[in-house]
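The values are calculated or read from the model by the stated rules, or taken from the named source; none is laboratory data. Since the structure is predicted, the reported quantities are computational estimates derived from the model, not experimental observations. Counting neighbours? That spans all protein chains shown, and the Cβs are built from the backbone with ideal geometry, glycine included. Accessible surface areas use protein heavy atoms only, side chains included; no ligands, DNA or RNA. Shrake-Rupley method; radii C 1.70, N 1.55, O 1.52, S 1.80 Å.
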Amino acid sequence: YISLSVLVVYISAVGSKGCSEKIPMVARVSIVDYWGHTILDTYVRPTHYVEDYSGHKTGLKLAHLENAPLFELVQLRVAEIIKGKVMIGHTLWTALSVLGLSHPALYTRDLALFWPLRKKLKSRSIIDLPTLVQLFMCREVGMGYEDSLELSRSSLDLFRCCEELFERIIVEGAWPCNLPPSAYAQYFT
C-alpha cells in the first residue's frame, strides 16, 4: 500500500465559450508507505505560467516551485512508485489527472468514494478529508496551510481504521466505492 496526495496551482486558459478557465496543475506530490514513512515529497516545476498559487490555502509561492524538479521527471518517478501498488487517497482522480497517469481501479482505495463512510454520515456528496478525519478520528488536519504530506498520512490513517471492512467487501466480490466523476474515467484502467 502507498498513499498519494497532491497540491495544485492554477493556470489560465481560454475555454470553449471564450471565457478564461482555471486549470489545475500539480505543484507538490507526496507519497508515503503503509506506516506513513515518506517515499516521495517534492515540489514540481510549473510547465506553464501560474495564474493562481492558491497561497491562502496552500502557502505555495513561486520560490517553492521555480527550482523544483521538472514535471516529466516527477511524473516518471510517481509512475514507478505506484506501479503494482494499492493506492490510498482522497479524490485520487484529481491526483491522477494532474499527474497525467492512470492506475488500475482495483488497486485504488479512495476514501472520498468509500460508501460506508458516506452512509454513516448520511451524505450523498463528497466530504473533504479534514472533515472525515475530524469526525472519524477526532483529529485536526490542515490547521495552517494544506500540506500534501499531512494529507497523504491522514488518508492512510483513516484507511487503516476501516481497512478490514474495505478489503472484506472487495474479497466478497463487491466494490465499496461510488464511481469517480465520469470525466475522470480515463485515469482508471
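Among (1) in a helix (DSSP H, G or I); (2) under 27 Å from SER54 (Cα atoms); (3) in contact with a Pro (Cβ under 6 Å, 6 or more places away or on another chain), there is one condition VAL141 misses while meeting the rest; what is its number?
(1)
Starting from residues that are assigned to a helix (DSSP H, G or I) and at pLDDT 90 or above, keep the ones in segment 21-74 and report whichever is surrounded by the fewest Cβ atoms within 10 Å (Cβ to Cβ).
This residue is ALA63.
Take the residues of segment 116-145 that are open to solvent by 70 Å² or more (accessible area, probe 1.4 Å) and among the aliphatic types (A, V, I, L, M): which is farthest from HIS56 (Cα to Cα)?
Ranking the qualifying residues of segment 116-145, first place goes to LEU135.
Anything in segment 151-179 that is open to solvent by 20 Å² or more (accessible area, probe 1.4 Å) and among the polar types (S, T, N, Q)? List them, or say none.
Correct list: ASN178 only.
Look at segment 123-162 and say how many of its residues are of a type in the set (Lys, Arg) and within 17 Å of LEU113 (Cβ to Cβ).
Qualifying residue count for the region: 1.
Name the pairs whose Cβ atoms lie under 7 Å apart, with the first residue in segment 151-180 and assigned to a helix (DSSP H, G or I), the second loosely packed, with under 15 Cβ neighbours inside 10 Å and of a type in the set (A, V, I, L, M), and 6 or more positions between them or separate chains?
ASP157/MET137; LEU158/MET137; CYS161/MET137
Out of SER182, SER148, which single residue is at negative phi, of a type outside the set (A, V, I, L, M, F, W, C) and crowded, with 19+ Cβ neighbours inside 10 Å?
None of the other options fit; the residue is SER148.
Could you grab me the full set of residues in segment 143-189 that are among the hydroxyl-bearing types (Ser, Thr, Tyr) and within 15 Å of the chain's Cα centre (by Cα)?
The first filter runs over segment 143-189 and keeps only residues among the hydroxyl-bearing types (Ser, Thr, Tyr), leaving 145, 148, 152, 154-155, 182, 184, 187, 189.
Listed by number, the residues that qualify are SER148, SER152, SER154, SER155, TYR184, TYR187.
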